[in-house]
Amino acid sequence: MHSTIPGAFGLPRPEAQLWLDPRQINVLRLLGRLEMMSSSQIYTMEYDGSLTRRTMQRQLEQLHVESKIWQSTVRYSALPGHGGKSGPPRKFPYIYGLTPEGKALLEGLGVEHDQRSLDGLRCREPRGRRISAPTIAHDMVVSWWCSSVLMAAKASRLCTEVFVQSEFTVHEKQRFDALVVLRLNPERPRAEAGTIPWFEGRPCPPEAIELRLGLEVDMATEALSVLAGKAAVTRDLHAAGLYHELFGGPVRTVFLVPTRRRAAQIAAEWRSAWPETWGVIATTSSSEHAEHGTLWGDYRALADGTQSVSLLDELVEGADRRVRRRRTVTLADWVAALGDASGVQ
C-alpha cells in the first residue's frame, strides 16, 4: 500500500503517520465540521466508488481503537431518511464523531491551513455523556443538509472554496446550527472537480462571489416567541456591522422545518420582528433538489413566505445599507460546470 522511500546508505526512510490512509484524514476533517455522521454518510462522501464498505469499517475501527473518533449506536428512527422506521430487529447503526485526540492529530499533520477552521472543529471525549435521542435527531438533520451542500460543492468546478462548521458561535447571543460559506468563481473555475475545495483562509478574490448561509434547524420544539427573538438578534447584529466584520458581508438565515404549517408560522413571526429580512425557509423534504441536493432546493423568502429564492443569489449591501439579492449562477450554469465526480459531463 505504501512505497518504500530510499534514503542515505540504502536505508528505507520512514514516512510519518504511515498507518493513516488519506481517506481516514478526510473522514476526520468531515467529522470535525459536521459533528456527527452515520456510516452511510461517510461511505457516500469518502469511499463510494473506490473501496468497499468492509474496508471502510476496518478503517473506522482503526480510528476508533486509536481514540481518534468516538462511536455510538443509535436507533434508525434518529437517522435522516428512515421515516421513523425501526430498522432490522436487534440491530442498531453507528454514528461517529471526532475526539480531542483526532483534532490534535489534524493539527499535528498540518492539513488544516485556516486557523478558524481548525479552532472550530467539534469534538467530544470518546466516553463522554451519552447524547440524547432528540439531540441526535436534530444534529443528524444538520449533518445531512451540510453533507449535501458539500457533495454539490465537490461536484462543481464553479465552487472554488467552501467553509462548513456546525454549532458555529457568532456572538454570545447567537449560535448557528451550522455556518456555510461558499465561494463561486465563474470567471476562474477549478480545472477539475471531485474533491471538496476546503476554505484555506485566503482573502476572497475580487471576481469571486461569496455566499454566507446560517442554518437553523427547527424540530417544532421551540416556542415561536423564541424564534422571533432570533430574528431580532440577527437584525441587530447585522445593523451593528458584526457580520460584515466577521465574514465580509450579510449572512442569509436558512430555516429547515418539519411541515409547511410550521414554515408559515415561523415566517410570520420572523417578519413581524424584521420585515426586511432576506432569510429563507423550507421543509426538509422541499429543501432537497432531486439531483443537485440541498444547495438547489425549494426555499421561500421569510419576508413573505411564498417567493422562491435561490441560495446562490448573492446578497449585496448598497450605499443606503439596504441588502438586495443579485442573481449570480443559474442551475443551468451549475450543471454545465459539473465534473466527473457528479456523473454528469
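Based on this model, can you work out whether L256 counts as part of a strand (DSSP E or B), within 28 Å of K173 (Cα to Cα) and modelled with pLDDT of 95 or more? Considered against the rule, which asks whether it is part of a strand (DSSP E or B), within 28 Å of K173 (Cα to Cα) and modelled with pLDDT of 95 or more, L256 comes out as yes.
Just checking, does the stretch 333-345 include any residue being hydroxyl-bearing (S, T, Y) and open to solvent by 60 Å² or more (accessible area, probe 1.4 Å)?
Taking the stretch 333-345 first, the residues hydroxyl-bearing (S, T, Y) are 342.
The next check asks that each one be open to solvent by 60 Å² or more (accessible area, probe 1.4 Å); those that pass are none.
Within the stretch 333-345, not a single residue is hydroxyl-bearing (S, T, Y) and open to solvent by 60 Å² or more (accessible area, probe 1.4 Å).
In this entry, E167 is excluded by the filter for residues that are crowded, with 21+ Cβ neighbours inside 10 Å, acidic (D, E) and in contact with a Phe, Trp or Tyr (Cβ under 9 Å, 6 or more places away or on another chain). Just one of the numbered conditions (1) within 24 Å of T135 (Cβ to Cβ); (2) open to solvent by 30 Å² or more (accessible area, probe 1.4 Å); (3) in a helix (DSSP H, G or I); (4) not polar (S, T, N, Q) is not true of L227: (2). Can you find a residue in the stretch 187-200 that is open to solvent by less than 70 Å² (accessible area, probe 1.4 Å) and farther than 17 Å from L150 by Cα? Looking for residues that are open to solvent by less than 70 Å² (accessible area, probe 1.4 Å) and farther than 17 Å from L150 by Cα, one finds none in the stretch 187-200, hence no. Kindly establish whether R262 is assigned to a strand (DSSP E or B), surrounded by fewer than 19 Cβ atoms within 10 Å (Cβ to Cβ) and of a type outside the set (A, V, I, L, M). Taking the combined requirement at face value, the residue does not satisfy it.
Of all residues in the stretch 237-251, those that are within 15 Å of R324 (Cα to Cα) have Cβ atoms under 7 Å from Cβ atoms of residues that are surrounded by 17 or more Cβ atoms within 10 Å (Cβ to Cβ) and small (G, A, S), 6 or more apart or on another chain, in V251/G214. Filter the stretch 120-139 down to residues that are open to solvent by 40 Å² or more (accessible area, probe 1.4 Å) and under 16 Å from F176 (Cα atoms) and give me whichever is modelled with the highest pLDDT. The qualifying residue modelled with the highest pLDDT is R122.
Only one entry in A104, A137 is among the hydrophobic types (A, V, I, L, M, F, W, C), assigned to a helix (DSSP H, G or I), free of Cβ contacts under 8 Å to residues at least 40 places away in the same chain and under 28 Å from Q62 (Cα atoms), namely A104.
Residues of the stretch 140-153 that are within 26 Å of C204 (Cα to Cα) and either free of Cβ contacts under 8 Å to residues at least 12 places away in the same chain or open to solvent by 40 Å² or more (accessible area, probe 1.4 Å) (or both): M151 alone.
If only one of V233, V316 is outside any loop (DSSP other than H, G, I, E, B), among the hydrophobic types (A, V, I, L, M, F, W, C), modelled with pLDDT under 95 and open to solvent by 20 Å² or more (accessible area, probe 1.4 Å), which one is it?
Being outside any loop (DSSP other than H, G, I, E, B), among the hydrophobic types (A, V, I, L, M, F, W, C), modelled with pLDDT under 95 and open to solvent by 20 Å² or more (accessible area, probe 1.4 Å) holds for just one of V233, V316, which is V316.
The values are calculated or read from the model by the stated rules, or taken from the named source; none is laboratory data. Please read these numbers as outputs of a predicted model, since none were measured by experiment. FYI the Cβ positions are ideal-geometry reconstructions off the backbone, even for glycines, and counts take in every protein chain you see. Ligands, DNA and RNA are stripped out before the accessible areas are found, and what is left, the full protein with its side chains, is counted by its heavy atoms. Shrake-Rupley method; radii C 1.70, N 1.55, O 1.52, S 1.80 Å.
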